[in-house]
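The values are calculated or read from the model by the stated rules, or taken from the named source; none is laboratory data. In this text the structure is predicted, and so the values were computed from the model without any measurement. Note that each Cβ is placed from the backbone with ideal geometry, even for glycine, and that neighbours are counted across all protein chains shown.
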Amino acid sequence: MVTNRLANQQLKVVIVGHVDHGKSTLIGRLLYDTDSLPDGKAEEIKRVSEKRGTDAVEWSFVLDAFQAERDQAVTIDTTQIWFSTQKRDYVIIDAPGHREFLKNMVSGAASADAAILVVDADEGIQEQTRRHAYLLSLLGLKQVTVVLNKMDLIKYDQDRFDSVAKDIKDYLKSIHLQAGQIIPISARQGDMIASRGEHMAWYQGHSLLEALDMFDNKTAPDSLPLRFPVQDVYRQDSKRILVGRVETGTVKQGDKILFSPTNETAIVKSVEVWPHDAEKTEASAGESIGITLDQKIFVERGHVGSHDVDLPLLSNIFQANIFWLSHKPLKVGDSLTVHYGTSEANVTVQSIDRVVDTQDLEQTAQAAAVERNAVAEVTLRARDLVPLDSYAKNPHTGRLVLYDGYDIVGGGNINMDRYPDQRINAPKAKNIYEVDSLTGYNERVMRNGHHGGIFWFTGLSGAGKSTLAMRVERELFHRGYNTYVLDGDNVRHGLCKDLGFSPKDRAENIRRIGHVAALQSDAGLVTITAFISPYQVDRDRAREAAPQHFHEIYVKADLETCESRDPKGLYKKARDGEIKDFTGIGSPYEPPENPELIVDTQHNDVDDCVAQIVSYIEKTIKVDIAKESKKQDKALHVS
């Protein structure tokens, strides 16, 4: 038995594929051929095989840990087994193929660095083959080798191999996966596993063992930004030690560390390991350590330490590509718990954006529910801001698991492409002081005869925001009110001309407008804004700039109606791929959660909508001059 295992060179490889395509047999034979079985195990398996009357050794019995599995001839739980080559140590994860045990397959694949997809050379691609391959893509496993097993049953036919290999390549390409190699094998006979055998001289590629040694070891990604999820806080003598595993990057004594989501910072005073090593001053990805800080700050389990550059995003909303495992369909409004790293968050399903049939890759947009074993793209909203990494940027921290109570109901990865970072950084400028005006707000009210206000029009492009804003401004002006419109297109010619339409730039655009509108309302203007402003969090932040003056008005019309109007031809360009991140097509729109006013332009004409808005604004800003004057005189008299 091989005992020379190099833990620092360990690679985790998950074995997946359709039930009965020979995964367990493959692993058993691989262990036998590499002399990795415990003493006496091979003889035991041979005796059991003879007793059961099989015509060859059943190497699958090596991993079938439960008697129920032998009786049913199906693996029901993930099994991990270790073996070594001259290059490194391996952890092989045998994942169940039967659809009833996909939960275990997901948990096995989620921790793997690479995958082997097993396909029966005779049967070819089956339902579970597609499903498992899609899961590998969903979980972000890019290192995949395919083996076409049971070549002995088709008499090692090269034409059949070529035909199935082409089908596999085509399917993997359609789900954005690429097999590093496709290898013909016979797990039962041992062809092309550890040795090449004598039956496939026509195949000039690598054996499975050679292919395994060609996988890149990506278990210690030191080059990625530091992520140190806090597992616990220990108190040892006078020390307060933050304990966890360095998932990516490196941390060393003297580093300045920022903890999310609190944004508190401190200097690493020491790096602690057990047993104690006074020379230890630095730790890399994959190491479980403790750190002490130069000052006491609030840090608890689930907080994430990083350097003060390349921070995780903070958001209370994010998109996830998930695989749903529960018998109970997932629906909009459902409450779940998300686990990622050492963190967890209570979330609500805000929308089901897309459901994918893994058999034929047919997609359903805005589906009503996600059924068991389906793949979906969903938007989740948390109660609080949580630190998140997109899987595309950091695969080690971008995976998540979904729980309903104590039950695992789904898994997948995080996608932050469509949502902005909500982290509010401290101002970069110093020595800045607010200056109080000598002319107060109430004086302006008395002069103008009305209050200032911000009337924030939000809605999809084509809903009618700009049309209504200009008409309402004109009507208010004729009635003697001081008013002005801030329109989305107009401000991008000047104030926001440096911004694009990424989530980050959209957030900055609304931040700037919110502060300009706040200044104008303080000056007594009736400020009307016409912006798509797709994210609720950005509109809430605009409200915070002047909460006493802010009114959110939802200009309501559905996507189909807005697209049929398409006054600027933008929807057509978005559908043609000329405009990326266009709201409603490539980027989400979040309808207001609790607007002060809803104006339905889909079912009402422009005049009715203008009248509705003007009436609301007048009731809000109108002032009884005589009554207001008496109130101010009384206040002066009391003072």
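For the reader, a short list of remarks on this structure follows.
- Meeting the requirement of 3 or more residues that are not acidic (D, E), the strands (runs of 3 or more DSSP E) wholly within the stretch 207-320 are 228-236, 239-245, 250-252, 256-260, 264-272, 288-293, 304-306.
- Within the stretch 596-610, the only residue that satisfies the criterion of being crowded, with 18+ Cβ neighbours inside 10 Å and of a type outside the set (A, V, I, L, M, F, W, C) is T601.
- Unmet requirement for V246, which otherwise passes all of (1) over 28 Å from V13 (Cα atoms); (2) under 21 Å from the mean Cα position of the chain (by Cα): (1)
- Only one of the numbered conditions (1) at pLDDT 90 or above; (2) surrounded by 20 or more Cβ atoms within 10 Å (Cβ to Cβ); (3) part of a helix (DSSP H, G or I) is not met by T129, and that is (1).
- From the list Y441, Y481, the lone residue that is closer than 18 Å to T620 by Cβ, more than 46 Å from the chain's Cα centre (by Cα) and touching a residue at least 24 places away in the same chain (Cβ under 8 Å) is Y481.
- So N373, is it within 26 Å of Q128 (Cβ to Cβ), touching a residue at least 24 places away in the same chain (Cβ under 8 Å) and not in a strand (DSSP E or B): yes
- Residue list for the stretch 324-370, filter: assigned to a strand (DSSP E or B) and of a type in the set (S, T, Y): S335, T337, Y340, S343, T348, S351, T364
- Here A365 clears all of (1) farther than 26 Å from G302 by Cα; (2) crowded, with 22+ Cβ neighbours inside 10 Å except the condition numbered (2).
- Members of the stretch 538-562 found to be more than 18 Å from I598 (Cα to Cα) and of a type in the set (A, V, I, L, M), listed by number: A542, A545, A546
- Condition met for T358 (surrounded by 17 or more Cβ atoms within 10 Å (Cβ to Cβ) and at pLDDT 90 or above): no
- One residue from A507, A469, A517 being small (G, A, S) and farther than 24 Å from N448 by Cα: A507
- Flag: T292 does not match the condition of being in contact with an Asp or Glu (Cβ under 6 Å, 6 or more places away or on another chain) and outside the structural domain of D33 (by TED's automatic domain parsing).
- Conditions (1) more than 21 Å from V516 (Cβ to Cβ); (2) in contact with a Phe, Trp or Tyr (Cβ under 6 Å, 6 or more places away or on another chain); (3) aliphatic (A, V, I, L, M): number failed by A469: (1)
- Test: residue in the stretch 248-268 that is under 18 Å from N346 (Cα atoms) and touching a Ser or Thr at 6+ places or on another chain (Cβ under 8 Å): yes
- Residue within the stretch 349-358 that is in contact with a helix residue (DSSP H, G or I) (Cβ under 7 Å, 6 or more places away or on another chain) and closer than 14 Å to L330 by Cβ present: no
- If you go through the stretch 135-172 and pick out every residue that is at pLDDT below 90 and in a helix (DSSP H, G or I), you end up with 4.
- Close pairs from the stretch 558-584: first at pLDDT below 85, partner surrounded by 12 or more Cβ atoms within 10 Å (Cβ to Cβ) and not charged (D, E, K, R), Cβ under 7 Å, at least 6 apart: P567/G462; K580/G586; D581/F501; D581/S502; D581/S587
- A count restricted to the stretch 580-628 and to residues that are part of a loop (DSSP other than H, G, I, E, B) and aromatic (F, W, Y) stands at 2.
- Count - residues of the stretch 432-457 that are under 25 Å from D540 (Cβ atoms) and in a loop (DSSP other than H, G, I, E, B): 4
- Matching residues in the stretch 76-92 - criterion: being assigned to a strand (DSSP E or B) and either of a type in the set (D, E, K, R) or modelled with pLDDT under 70 (or both): T79, Q80, D89
- Candidates are the residues of the stretch 338-348 that are β-branched (V, I, T) and over 14 Å from the mean Cα position of the chain (by Cα); the one that is modelled with the lowest pLDDT is T342.
- Against the list (1) closer than 22 Å to A365 by Cβ; (2) at pLDDT 90 or above; (3) under 25 Å from the mean Cα position of the chain (by Cα), the condition R539 fails is (1).
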